[in-house]
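The values are calculated or read from the model by the stated rules, or taken from the named source; none is laboratory data. This one's a predicted model, so the numbers in the text were calculated from it and none came from an experiment. Here the Cβ positions follow ideal geometry from the backbone for every residue, glycine too, while neighbour counts run over all protein chains shown. What goes into the accessible areas is simple: the full protein's heavy atoms, side chains included, and nothing from ligands, DNA or RNA. Shrake-Rupley method; radii C 1.70, N 1.55, O 1.52, S 1.80 Å.
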Amino acid sequence: MSENKFETVSSIVDNYQQNDELFEEMLNDSHLSATWQRYHLMGDVMRGETSDVINLDLSSKIAEAIADEPTILAPRASNNFAGKLKAKVVQFAKPFGQMAIAASAAGLMVMGVQQNTADTDTLLPASQVVKTMPFGGIAEPVSLNFQQTSRTSEKQAFIEQQRRFQALLSDHQLQVKLSSVDVKNTAQQDKAEESAK
């Protein structure tokens, strides 16, 4: 049946047109009359003119559709040597592939960090440079921008740190003395005020 007939049936159901020839054809054709009934049922449902329970017997049509379905058998498991060998090779090589991906990601990250530090033109202090222990046993810094500090500069930095520490310590002791003097003065003033009363 053509799409044009379905559209004509739909328009007749919706009262858009009259077609006496199609009425005659619907009386003789079971497929067209079933379409006519379905379209009326859909219209009644959309307008809310149906009862709460609709009796549709779908079991016979479902049983027919299942009977018409072709039977699909599962394929037998293959006992071929090539398939088993391929599975073993994949299973063996999978960890190496994962390590290669991880190493590539780590290498890209290191290169990105180096590029980022090269763009800013600032060098990190020696304490912030990540160092690794290679298989050879000699520790090397990861960054190519790392500059080895000399012993004299390390010694000067240590001396400067000690000077700052001593200055902070003497300032703290001075603050403690001043606060104890303030407490004594406050206590003496309180006694003087009490005795004056």
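Backbone geometry of the stretch 35-43 corresponds, through the Karplus equation with coefficients 6.51, -1.76 and 1.60 at θ = phi - 60°, to 3J(HN,Hα) couplings of 4, 4, 5, 5, 5, 5, 5, 4, x Hz, x marking Gly and Pro. The residues neighbouring Met46, those whose beta-carbon lies less than 13 Å from its own, together hold a net charge of -1 under the Lys/Arg +1, Asp/Glu -1 convention. Using 5 Å bins from zero, what percent of all Cα-Cα pairs in the stretch 1-44 falls into each bin? Here the calculated profile for the stretch 1-44 is 5, 24, 38, 27, 7.
Restricting the stretch 12-51 to chymotrypsin sites (Phe, Trp or Tyr not before Pro) that sit in a DSSP loop and have at most 11 other Cβ atoms within 10 Å of their own Cβ leaves Tyr16.
Note on Val45 and Glu193: the model spin-label points, each 7 Å out from Cα along the C-beta direction, lie 9.2 nm apart.
Grouping the Cα pair distances of the stretch 8-100 into 10 Å bins from zero gives a pair-distance distribution of 11, 21, 18, 11, 8, 11, 16, 3 percent in increasing distance order. Of the solvent-accessible surface of the stretch 1-105, computed with a 1.4 Å probe and all protein chains present, 57% belongs to carbon and sulfur. To the nearest 10, the accessible area of Phe81 is 150 Å² with a 1.4 Å probe.
Each other residue within a Cβ distance under 15 Å of Asn28 adds +1 if Lys or Arg and -1 if Asp or Glu, for a net charge of -4.
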